[in-house]
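Trainee: Pasting a structure here, questions to come.
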Amino acid sequence: MSLAPSSELCITAEGPTVVAFPELEASGVCAAVSTRLGGVSEGPFASLNLGRGVGDDPDRVAENRRRLLAGVGLEGRRLVGGHQVHGDAIARATPDGPDELPGVDALYTTDTRVALRVLVADCTPVFVVAPDVGAVAAAHAGWRGTLAGVAGKLVRRLVTDLGARPSAMRAAIGPAAGRCCYEVGDEVLAAYRAAYPWADDHIAGRRLDLHGLNRRQLVEAGVPAERIAVADLCTICHPELFFSYRRDGRRSGRMLAVIGWAGEGERRRMANVPGRWAG
Ligand SMILES: [Zn+2]
C-alpha cells in the first residue's frame, strides 16, 4: 500500500466526471479538476465546457458550471477567479469583491463562502491548502506561469500574508499538457535553464514536464514532497477525457479547477469511475 498522496477519477452525482484528491478532502476541502465528461455542451465543446467567451452557448456553460459546483460540494459559494494572463500576480479573494480579478493567475481565500476557480486547457492547475491558517489557494501555471514560478510564489505569499507554515501545507497538481507531448521552442528551454539550475531534471529533448516543474517549485518553497498529489495525466493525448488548446486550437472547451472549504456536514457525492483510470 502506498502512502503517497493520490488522485482519482470520479463521477459526481450531478453528472460531471472530475479528477479528485482524497488527501486534500481529508483536510476539509472540496477540490477537483473537471474533465470534458458530464455536461450539456455540443460539438467541439462536448460536453462539459466551462469556459465563457470561447464560442459556446452561455446557457450551456452556466448549466455546466452549476453541475460542477453542485457535484463537488461547492454549491452556493461565490466563485472567484482571475482574468488570467499567464503571469504570477496573486490576489486574495473575498465574498464581496469582484468574481473576476484582472491580471491575476493565482488566488487564495480564508473565507468559507468563497470557492476559487482556475480555467485550464493544457496549463497546469495547482491547489494549495494551508490548514493552520484556514487558507485554500489555486494557481494557473502554463509554461509562462511555471517559468515565473507562480506555484512557489503562492506558497510564499501564504507565509507572508497569513503566517502559514509550508510544512503543514498540502498541495495537488492537476492534469496538464504532459511530458509525453508538450514540445516547446528553444527560447523557452533556454529561459527555463537560465531561471532554474535544476531545469534539465524536467526537460526531455524539447519536451517540458510541467507536472514535475510545479512539484519541484512547491518543494523548494517548503511543501513536503510526500504531501503533494500529482494527477499525472496529459490533456493532449487523452482526447476522450480533456479539452486541449494545443491539440484542438481556439475552438475548444476549457476545464475548471475549483477549490473551497467543505461546509458543515457536507460530503462529496462521488463514486469512482470503475476501471477507467487510477493513479
Ligand atoms: Zn501526452
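The values are calculated or read from the model by the stated rules, or taken from the named source; none is laboratory data. Just so you know, these numbers come straight off a predicted model, no measurement behind them. Quick reminder, even Gly has a Cβ in these numbers, built from the backbone with ideal geometry, and neighbours come from all protein chains shown. When the accessible area is computed, the model is the full protein with side chains, heavy atoms only, and any ligands, DNA or RNA have been set aside. Shrake-Rupley method; radii C 1.70, N 1.55, O 1.52, S 1.80 Å.
Trainee: Does any residue in segment 123-138 that is in a loop (DSSP other than H, G, I, E, B) come within less than 8 Å, Cβ to Cβ, of a residue that is open to solvent by 10 Å² or more (accessible area, probe 1.4 Å) and of a type in the set (Phe, Trp, Tyr) six or more places away or on a different chain, and which pairs are these?
Mentor: That search, which allows pairs on different chains as well, returns Gly134/Trp261.
Trainee: Filter segment 77-107 for residues that are outside any loop (DSSP other than H, G, I, E, B), open to solvent by 40 Å² or more (accessible area, probe 1.4 Å) and closer than 18 Å to Arg144 by Cβ and give the result.
Mentor: Result: His83, Pro102.
Trainee: Taking only segment 231-264 into account, find how many residues are part of a strand (DSSP E or B) and open to solvent by less than 10 Å² (accessible area, probe 1.4 Å).
Mentor: Going through segment 231-264 one residue at a time, the tally reaches 7.
Trainee: Hey, another quick one. How about segment 170-188: which of its residues are within 15 Å of the ligand (Cβ to nearest atom) and either buried (at least 23 other Cβ atoms within 10 Å of the Cβ) or assigned to a loop (DSSP other than H, G, I, E, B) (or both)? I'd like the intermediate steps shown before the answer.
Mentor: Residues of segment 170-188 that are within 15 Å of the ligand (Cβ to nearest atom), as a first pass: 174-184.
Gly174, Pro175, Ala176, Ala177, Gly178, Arg179, Cys180, Cys181, Tyr182, Val184, listed by residue number.
Trainee: Take Ala164 and decide whether it is outside any helix (DSSP H, G or I), under 20 Å from Gly28 (Cα atoms), away from the ligand (no atom under 16 Å from the Cβ) and over 20 Å from the mean Cα position of the chain (by Cα).
Mentor: It is true that Ala164 is outside any helix (DSSP H, G or I), under 20 Å from Gly28 (Cα atoms), away from the ligand (no atom under 16 Å from the Cβ) and over 20 Å from the mean Cα position of the chain (by Cα).
Trainee: Taking the residues in segment 21-38 that are assigned to a loop (DSSP other than H, G, I, E, B) and hydroxyl-bearing (Ser, Thr, Tyr) as candidates, determine which candidate is modelled with the lowest pLDDT.
Mentor: If we take residues in segment 21-38 being assigned to a loop (DSSP other than H, G, I, E, B) and hydroxyl-bearing (Ser, Thr, Tyr), then Ser27 is modelled with the lowest pLDDT.
Trainee: Which ones in segment 130-160 are over 12 Å from Leu218 (Cβ atoms), of a type in the set (Val, Ile, Thr) and open to solvent by less than 30 Å² (accessible area, probe 1.4 Å)?
Mentor: Val136, the sole residue that qualifies.
Trainee: All but one of (1) open to solvent by 30 Å² or more (accessible area, probe 1.4 Å); (2) farther than 20 Å from Glu25 by Cα; (3) away from the ligand (no atom under 15 Å from the Cβ) hold for Arg207; which doesn't?
Mentor: In the conditions (1) open to solvent by 30 Å² or more (accessible area, probe 1.4 Å); (2) farther than 20 Å from Glu25 by Cα; (3) away from the ligand (no atom under 15 Å from the Cβ), Arg207 misses (3) alone.
Trainee: Go through (1) within 16 Å of the ligand (Cβ to nearest atom); (2) at positive phi one by one and return the number of the condition Gly222 breaks.
Mentor: With respect to (1) within 16 Å of the ligand (Cβ to nearest atom); (2) at positive phi, Gly222 is out only on (1).
Trainee: Right, here's the next one. Take segment 58-76 and flag every residue that is surrounded by 15 or more Cβ atoms within 10 Å (Cβ to Cβ) and in a loop (DSSP other than H, G, I, E, B).
Mentor: Hits for segment 58-76 are Val72, Gly73, Leu74, Glu75.
Trainee: Within segment 210-230, how many residues are surrounded by fewer than 22 Cβ atoms within 10 Å (Cβ to Cβ) and in a loop (DSSP other than H, G, I, E, B)?
Mentor: Residues that pass the stated criteria total 3.
Trainee: Hey, another quick one. Restricting attention to segment 225-245, and to residues there that are touching a strand residue (DSSP E or B) at 6+ places or on another chain (Cβ under 9 Å) and among the charged types (D, E, K, R), which single residue is nearest to the ligand (Cβ to nearest atom)?
Mentor: Top of the filtered list is Asp232.
Conditions tested, residue by residue: (1) without any contact (Cβ under 8 Å) to a residue 60 or more places away in the chain; (2) in a loop (DSSP other than H, G, I, E, B); (3) crowded, with 24+ Cβ neighbours inside 10 Å.
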{"residue": "Ser6", "(1), (2), (3)": "no, yes, no"}
{"residue": "Val19", "(1), (2), (3)": "no, no, yes"}
{"residue": "Val40", "(1), (2), (3)": "yes, yes, no"}
{"residue": "Ser47", "(1), (2), (3)": "yes, yes, no"}
